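The next block holds one structure in the form of structure tokens; read it before the comments.
The values are calculated or read from the model by the stated rules, or taken from the named source; none is laboratory data. Computed from a prediction, not measured in an experiment: that's the story for all the values here. Ideal geometry is used to build each Cβ from the backbone, glycine not excepted, and the neighbour counts take in all protein chains shown. What goes into the accessible areas is simple: the full protein's heavy atoms, side chains included, and nothing from ligands, DNA or RNA. Shrake-Rupley method; radii C 1.70, N 1.55, O 1.52, S 1.80 Å.
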Amino acid sequence: MMPTGPVPGMDHAVVAADIGRRIADGQYLAGRRLPSEQALAEEYGTTRARIRTALASLARRGVLVSRPNSGWLVQDGHQAQTVGEMRSFSRWAVEHGREFGGRIVRRERGGASAREARLLGIGLGEEILRFTRVRTLDGRPVMVERSTWAPWVLPAIDMFPDDVPSIFGALESAGVRAVLGDHRIEAVAASSDDARLLNLRRSSPLLQVSRNTATHGGQLVEVAADRYVSDLVAFDIRAGDIARTLLTPRG
């Protein structure tokens, strides 16, 4: 924390750097309003003019945006999740103070293909459920989730409405405690379906997370591929995770 006593000669760049650090640390969340210029001036022990200059410099870098009657807002940008601690979308959104939502836009029952049977550990042709779901942050579509569900969990999934806010939460209420398992992250181009669902141009860059979900006992529940809008979501990789990520064979 910067000193709060009077510092009349404090450079606006020092203030800007400290506010930028606090934004990066999550003290000020994306989409939320900063304290007023007067409150910041009192906190940093400087003038409103210097605070305004500091905030304007952050705005030029795309960190802040000024809105009439709303003051200075933290600009929506990359929201990071650590690879070694993958969480459900809804839990991750709540931890970042964001409003999340979702809607299942397509459901399809059918027999498991050879690949699906292998991934889920079931017999070829066993009945499974595939669905496509669009997830939102603060009302904006940011991810397309395509899931394939194991036969044993279908009675629970069938009860969920298309706008169920959290599949994991609903599963837990139905007595199925699921946890995220293996995942692989790669860059992909938006398909025509992705582009339509996310309001993007076809071939726009997306981040795809291929993952599986299982019970605590290891029984597979779901295999899925989530495609995120790449300019809104990022994944932090710890040093210990880099080798595992880079050495994962593709294909």
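Of all the residues that make up the stretch 189-203, how many are surrounded by 16 or more Cβ atoms within 10 Å (Cβ to Cβ), touching a residue at least 24 places away in the same chain (Cβ under 8 Å) and not charged (D, E, K, R)?
Looking only at the stretch 189-203, we keep the residues that are surrounded by 16 or more Cβ atoms within 10 Å (Cβ to Cβ), and these are 190, 194-195, 197-198, 200.
Adding the requirement that they be touching a residue at least 24 places away in the same chain (Cβ under 8 Å) leaves 190, 194, 197-198, 200.
Pick out the ones that are also not charged (D, E, K, R) and you get 190, 197-198, 200.
Residues flagged as surrounded by 16 or more Cβ atoms within 10 Å (Cβ to Cβ), touching a residue at least 24 places away in the same chain (Cβ under 8 Å) and not charged (D, E, K, R) within the stretch 189-203 amount to 4.
Within the stretch 194-230, can you find the residues that are of a type in the set (Val, Ile, Thr) and in contact with a His (Cβ under 8 Å, 6 or more places away or on another chain)?
Step one: list which residues in the stretch 194-230 are of a type in the set (Val, Ile, Thr), which gives 209, 213, 215, 221, 223, 229.
Passing the criteria: only Val209.
Every residue in the stretch 27-45 that is open to solvent by less than 20 Å² (accessible area, probe 1.4 Å), over 21 Å from Asp138 (Cα atoms) and out of contact with any Asp or Glu (no Cβ under 9 Å at 6 or more places or on another chain), please. Write out each step before concluding.
Just the residues of the stretch 27-45 that are open to solvent by less than 20 Å² (accessible area, probe 1.4 Å), to begin with: 30, 34, 40-41, 44-45.
Still in the running and over 21 Å from Asp138 (Cα atoms): 40-41, 44-45.
Leu40, Ala41, Gly45 - these are the residues of the stretch 27-45 that are open to solvent by less than 20 Å² (accessible area, probe 1.4 Å), over 21 Å from Asp138 (Cα atoms) and out of contact with any Asp or Glu (no Cβ under 9 Å at 6 or more places or on another chain).
If the requirement is being basic (Lys, Arg) and without any contact (Cβ under 8 Å) to a residue 12 or more places away in the chain, which of these qualifies: Arg118, Arg135?
On the way: Arg135 fails: without any contact (Cβ under 8 Å) to a residue 12 or more places away in the chain.
That would be Arg118, the only listed residue that is basic (Lys, Arg) and without any contact (Cβ under 8 Å) to a residue 12 or more places away in the chain.
Give Ala80, Ala24 a once-over and let me know the one that is more than 30 Å from Ala178 (Cα to Cα) and either modelled with pLDDT under 85 or hydrophobic (A, V, I, L, M, F, W, C) (or both).
On the way: Ala80 fails: more than 30 Å from Ala178 (Cα to Cα).
Testing whether each residue is more than 30 Å from Ala178 (Cα to Cα) and either modelled with pLDDT under 85 or hydrophobic (A, V, I, L, M, F, W, C) (or both) leaves just Ala24.
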